[in-house]
Amino acid sequence: MPFATLLSATQLQTLMHSGQPLMVFDCSFDLSDPALGARQYREAHISGALHADLDRHLSAPHGARGTNGSVVTSAADRPASGGRHPLPSRERFAAWLSQIGFANDMQAVVYDRNGANYCGRLWWMLKWAGHDAVAVLDGGLQAWQAAGGAMASGDEPTHFQSNFALHAPLRRLVTVHEVLAALGQPGQTIIDARGAPRYLGEVEPLDPVAGHIPGALNRPFGLNLGPDGHFKSAEQLRGEFAALLGDRPVASVVHQCGSGVSAIPNLLAMEVAGLGPTALFAGSWSEWCSDPARPVERG
């Protein structure tokens, strides 16, 4: 059985010695210093892990433009979402996976050193590409080091190119137009993963408008972890989401944050809790507030 949500450091050690096709990804990143994650990776990472950078590998250029500023003419080059960290198209993502040698028969394990804030992006993108065998290392790099896992520095050897084939998406991506069309209707429950001050509109350090999507519920993504940096138990998470949702159906949930990255720990936590897959609005607040015609709520 593939690992599809979380796995422990001990389970990863066993997997590494099993001979099963495996690729480990270090997704460490820092919004205030985008080059920091790559530096940290080169300083120390799980032995054999490749670096997956949020800006360079897991996001498309802003808007429908290429890296050189030219207007995109190919559908494959058109971002799949808006916002500060637009999703690349599934085709461009598959091309990157093929370039680094990731194949359809591999188990993927993703981690960071940021409380699972960034590695969830790659976990979700692989599900979106139709690949179910991907799991987050519970506790991140810190848990691996505490377990005495093998570490390395510098760059890892390159892998032979593969031919990763896309399959039907296993997770649902919601567009800004869909969110707007369903606003205030019982079939949509928005969960905002940003911290309370940003949700309330008291501060906004990253986007031009403060506030939240009208009717959105607030659950900061850090609430999914316990004091030890590991995800809370399935039972505890289930109870917390039940209290948050009340009588709103789980199937109506759409997750968002500032740019579609830190929303994913909430989505993952709901799956760990046994509540099943829910949807992601990847453009999130940064895309929503880019149009002044869209309503904003504060408080």
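The values are calculated or read from the model by the stated rules, or taken from the named source; none is laboratory data. Just so it is clear, the structure is predicted and the values come from calculations on it, not from any experiment. Cβ coordinates were reconstructed from backbone atoms using ideal geometry, including for glycine residues, and neighbour counts include every protein chain displayed.
With respect to (1) modelled with pLDDT of 95 or more; (2) more than 16 Å from A269 (Cα to Cα); (3) polar (S, T, N, Q), the lone exception for N224 is condition (2). Could you grab me the full set of residues in the range 122-168 that are within 17 Å of Q40 (Cβ to Cβ) and either in contact with a Cys (Cβ under 7 Å, 6 or more places away or on another chain) or among the hydroxyl-bearing types (S, T, Y) (or both)? Listed by number, the residues that qualify are L122, S153.
With respect to P249, is the statement that it is under 24 Å from D112 (Cα atoms) and surrounded by fewer than 24 Cβ atoms within 10 Å (Cβ to Cβ) true? It is false that P249 is under 24 Å from D112 (Cα atoms) and surrounded by fewer than 24 Cβ atoms within 10 Å (Cβ to Cβ).
For the condition of a type outside the set (G, A, S), surrounded by fewer than 18 Cβ atoms within 10 Å (Cβ to Cβ) and under 23 Å from L122 (Cα atoms), L268 does not qualify. Of the residues making up the range 31-59, those that are part of a loop (DSSP other than H, G, I, E, B) and surrounded by fewer than 18 Cβ atoms within 10 Å (Cβ to Cβ) are S32, D33, P34, A35, A44, S47, G48, D55, R56.
Looking at the range 80-89, can you tell me whether even one residue there is modelled with pLDDT under 95, part of a loop (DSSP other than H, G, I, E, B) and within 26 Å of Q161 (Cα to Cα)? The answer is yes, given that some residue of the range 80-89 is modelled with pLDDT under 95, part of a loop (DSSP other than H, G, I, E, B) and within 26 Å of Q161 (Cα to Cα).
Kindly provide the set of residues from the range 23-64 that are hydrophobic (A, V, I, L, M, F, W, C) and farther than 17 Å from M125 by Cα, ordered by number.
L31, A35, L36, A38, A44, I46, A49, A64
Within the range 32-71, restricting attention to residues that are aliphatic (A, V, I, L, M) and at pLDDT below 95, the residue that is nearest to H159 (Cα to Cα) is A60. What about N104, is it touching a helix residue (DSSP H, G or I) at 6+ places or on another chain (Cβ under 8 Å), crowded, with 16+ Cβ neighbours inside 10 Å and either within 19 Å of G229 (Cβ to Cβ) or among the polar types (S, T, N, Q) (or both)? No.
Going through (1) more than 20 Å from N266 (Cα to Cα); (2) part of a helix (DSSP H, G or I); (3) within 14 Å of the chain's Cα centre (by Cα) one by one, Q99 falls short only on (3). Regarding the range 179-186, can at least one residue be identified that is out of contact with any helix residue (DSSP H, G or I) (no Cβ under 7 Å at 6 or more places or on another chain), among the β-branched types (V, I, T) and assigned to a helix (DSSP H, G or I)? Scanning the range 179-186, I find at least one residue that is out of contact with any helix residue (DSSP H, G or I) (no Cβ under 7 Å at 6 or more places or on another chain), among the β-branched types (V, I, T) and assigned to a helix (DSSP H, G or I), so the answer is yes.
Does P208 satisfy the condition of being touching a Cys at 6+ places or on another chain (Cβ under 8 Å) and surrounded by fewer than 17 Cβ atoms within 10 Å (Cβ to Cβ)? Here the answer is yes, as P208 does meet what is asked. Scanning the range 191-218 for residues that are closer than 26 Å to T278 by Cα, among the β-branched types (V, I, T) and either without any contact (Cβ under 8 Å) to a residue 24 or more places away in the chain or not assigned by TED's automatic domain parsing to the domain that holds H255 (or both) yields nothing.
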